[in-house]
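The values are calculated or read from the model by the stated rules, or taken from the named source; none is laboratory data. Just so you know, these numbers come straight off a predicted model, no measurement behind them. In this analysis, Cβ positions are derived from the backbone assuming ideal geometry, glycine residues included, and neighbour counts consider all displayed protein chains.
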Amino acid sequence: MAPFSPAQRSSLNRLTLLYVEDDLEIQHSTSRLLRRLFKELFLASDGEEGLEMYERYRPDIVLTDVQMPKMDGLSMSRSIRSIDPDAPIIITSAYHDSKYLLEAIKNKIHHYLLKPIEYDDLKQALLEVGEKILLKRELKESLHILNEYKAAVDANALVTKTDAQGVITAANDTFCSVSGYALDELLGQDHNIFRHPDTPIETFQSLWANITNKESWKGVVKNLAKDGSYFISDTTIIPVLGTDGEIIEIIAIRYNLTEHKMTQERMERREDYSNYQEELAFKKQLNIIRNDFYYKLDDEKITDTTCLIDSYFRPLDIMSGDSYSIRSLGDDVNFFLVVDGMGKGVSASLSAMLFTTYINHLIDESIQHKEPLTLRTITEQAVTYIKPILLEDEVLSAHFIRVDTQEAFFEHASFAMPAILTRDYKGNIKKIPSNNPPISKYGNTIQIDGASNSDIRQTLLYSDGLVENSVKGADDLYMSYIEEDFAKALTRDDMHQAIEARLGPQEDDITFIMLSRLEFEKYQIASKQVASSMQALDEADRWYAQQLDEHYQDPELTERAGYAFTELMLNAYEHGNLGISGRQKQRMIESGEYWDILPEKEQGCDKEILVELYDIHHQEQQYLITMITDEGEGFDTALLRDIFYRANKFHGRGVYITRKSSNGIYYNAKGNSIFIINTIRK
């Protein structure tokens, strides 16, 4: 997520912007960025106020929310369009609703951004609109003579000419052939004899508005032929001006797209249905996969003994032969599964998904009935279940791993899988090979091996699709490099980035699970107790930026991490210490009571937010860890999966934004403490 370059800032600093947002929290955080970018920023909290400010100040760009009191964003945009049809407008919305999108398109909205707004999307939209405005200004200043005729026209083009009133005066042979009219049938006819009823009236209104303004027009038009059939053309219409500046004739140049469009429509219908089925299949796979530690930890308090549990899943096709499961068995005992259906296509995918589904069901039942499961019980029952389902020549590979944190014990049953990698606190890497043949219809005994894991700092288990993939620019496989990359990686994101840098085109499904323990407590560089007030949050923002500037002198890090810090501090303040739920906050904002109730809640709250900063090193890489802990009741961290799978929803915006701008986020089990990892770029 790159910050604005000096040239980009210089361009936007020549422009003014009106920002209309009724959510004062979003307005407050976003306006911090906007105020630094534009020559002048005007703020409004509803559509009526926004329209009034537009009429008064005539800003260059309008950035507005859709759902607002008094007058919504689309109604305000229509009113602005009546004042200036070309006013650049960017819409933001928390609702992924087609009716809003279609209405925005109808009103010629320049950009439609979904909340939570990602920094890069907002940046791109502002730069695109700003560039067009500045280019238009430059063209108006420098362009004095119109190009009266286009360059040479392709021999296959369909060409007609009319007088200023639209009466046909000429047509080439190609046009006559496609339209079905002879030339003498066309001459003297009004050009609207080709108007097809399927072409919206707005298209022709736009066309003639441009011509009347002595401007050319371009668009795709469905035309009516003489025999009642149609032809689709990519059309450019140019008014030709005389020496007095008035229109003397109009030239229409068309390229026949009929066959292309018909083929495209057929393909789109097939593709839409296929995409829909594939989307459903992929959603089903994601529902089958279980991860009890999705962006969270198993501990109430985050310490040096805390283990980060991360996974990565990238199927080659929609129907994946890989699957995995990460489950808590209770009492500091965790279970990890990686399964790889040998072969490709639907059969391998079904076997992997059925296998994973059964194991998850087995674990759910044991938790419900409070009957502890051993690794042997899970493995034997799963293998017994899947054997009758497998085809004669079909096999499954799988890792079954059970880790008892309290007893510091690690046991595994691996079936024809790549070796598990572990790394101790001295940096030594150990390979734990498979101890069972692949699972088939005729498999027999199951071997389970175990050992102490008290000295293990990191563990990596993965499917063979990772190590059997070719690397870029070399006649080699990734298996030759995985130990080197694992040694350097502290987090899942580090491992992912190393893999992306090395691999050539993906050749198979890729899945891995990575367990890491962090040593960070002794590397604290700063801490701060923050009171539960908006004033204290503003002071904390400034303090955080000062700390980052002092230790790293990296403007990109300060901007990226600072944006996430602001969001998470608001979460800790509102939802943590003040105990305001997402729904309560929404109701308070909608009723207009939000800013009145906040001071009352602050007065009765003596809870604080603890901010801790740690600077840690791993191999040659440096990391910043920001830990934020409130004194609230916490929240159900199972909601994190819903937040990330449905990122377009309003609630959970801060967590989503933070993950996108960092190398990892992790909540404690209670949900009142989070730490963020940011890589310090060299």
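Do we have any residue at all in segment 41-53 that's buried (at least 22 other Cβ atoms within 10 Å of the Cβ) and in contact with a Leu (Cβ under 8 Å, 6 or more places away or on another chain)? The answer is yes; a qualifying residue exists.
Residue 468 fulfils the conditions (1) of a type in the set (D, E, K, R); (2) in contact (Cβ under 8 Å) with a residue 40 or more places away in the chain; (3) out of contact with any helix residue (DSSP H, G or I) (no Cβ under 8 Å at 6 or more places or on another chain) except for a single criterion, (3).
Going by the conditions given, is residue 450 under 30 Å from residue 381 (Cβ atoms) and either in a helix (DSSP H, G or I) or out of contact with any strand residue (DSSP E or B) (no Cβ under 6 Å at 6 or more places or on another chain) (or both)? No; evaluated as a whole, the condition is false for this residue. How many residues does segment 356-382 hold that are out of contact with any helix residue (DSSP H, G or I) (no Cβ under 9 Å at 6 or more places or on another chain) and more than 13 Å from residue 337 (Cα to Cα)? Count: 10. Tell me, yes or no, whether segment 500-516 has at least one residue that is of a type outside the set (Lys, Arg), assigned to a strand (DSSP E or B) and in contact with a His (Cβ under 8 Å, 6 or more places away or on another chain). Among the residues of segment 500-516, not one is of a type outside the set (Lys, Arg), assigned to a strand (DSSP E or B) and in contact with a His (Cβ under 8 Å, 6 or more places away or on another chain), which makes the answer no.
Looking only at residues in segment 75-90 that are more than 22 Å from residue 135 (Cα to Cα) and crowded, with 22+ Cβ neighbours inside 10 Å, the one that is farthest from the chain's Cα centre (by Cα) is 76. Of all residues in segment 338-345, one or more are out of contact with any helix residue (DSSP H, G or I) (no Cβ under 8 Å at 6 or more places or on another chain) and buried (at least 22 other Cβ atoms within 10 Å of the Cβ).
When you go through 25, 52, 21 one by one, which is the residue that is more than 25 Å from residue 541 (Cα to Cα) and of a type in the set (Asp, Glu)? So the residue among 25, 52, 21 that is more than 25 Å from residue 541 (Cα to Cα) and of a type in the set (Asp, Glu) is 52. Pull up segment 304-341, narrow it to residues that are in a strand (DSSP E or B) and acidic (Asp, Glu), then point me to the one that is nearest to residue 402 (Cα to Cα). If we take residues in segment 304-341 being in a strand (DSSP E or B) and acidic (Asp, Glu), then 310 is nearest to residue 402 (Cα to Cα). Residues that are under 36 Å from the mean Cα position of the chain (by Cα) and either in a loop (DSSP other than H, G, I, E, B) or of a type outside the set (A, V, I, L, M) (or both) within segment 366-394 comprise just one, 368. Checked against (1) out of contact with any Asp or Glu (no Cβ under 8 Å at 6 or more places or on another chain); (2) more than 19 Å from residue 662 (Cα to Cα); (3) free of Cβ contacts under 8 Å to residues at least 40 places away in the same chain, residue 541 meets all criteria but (2).
Take residue 174 and decide whether it is farther than 28 Å from residue 108 by Cα, outside any loop (DSSP other than H, G, I, E, B) and either modelled with pLDDT of 90 or more or of a type in the set (Lys, Arg) (or both). In short, no.
Return yes or no: is residue 228 in a strand (DSSP E or B), modelled with pLDDT under 90 and either within 17 Å of residue 257 (Cα to Cα) or not β-branched (Val, Ile, Thr) (or both)? Answer is no for this residue. If you filter segment 449-501 down to residues that are within 28 Å of the chain's Cα centre (by Cα) and surrounded by fewer than 16 Cβ atoms within 10 Å (Cβ to Cβ), you find that the one that is nearest to residue 340 (Cα to Cα) is 500. Out of curiosity, is residue 564 within 25 Å of the chain's Cα centre (by Cα) and crowded, with 20+ Cβ neighbours inside 10 Å? Yes, satisfied.
Residues in segment 120-152 that are within 19 Å of residue 215 (Cα to Cα) and at pLDDT below 55: 144, 145, 146, 147, 148, 149, 150, 151.
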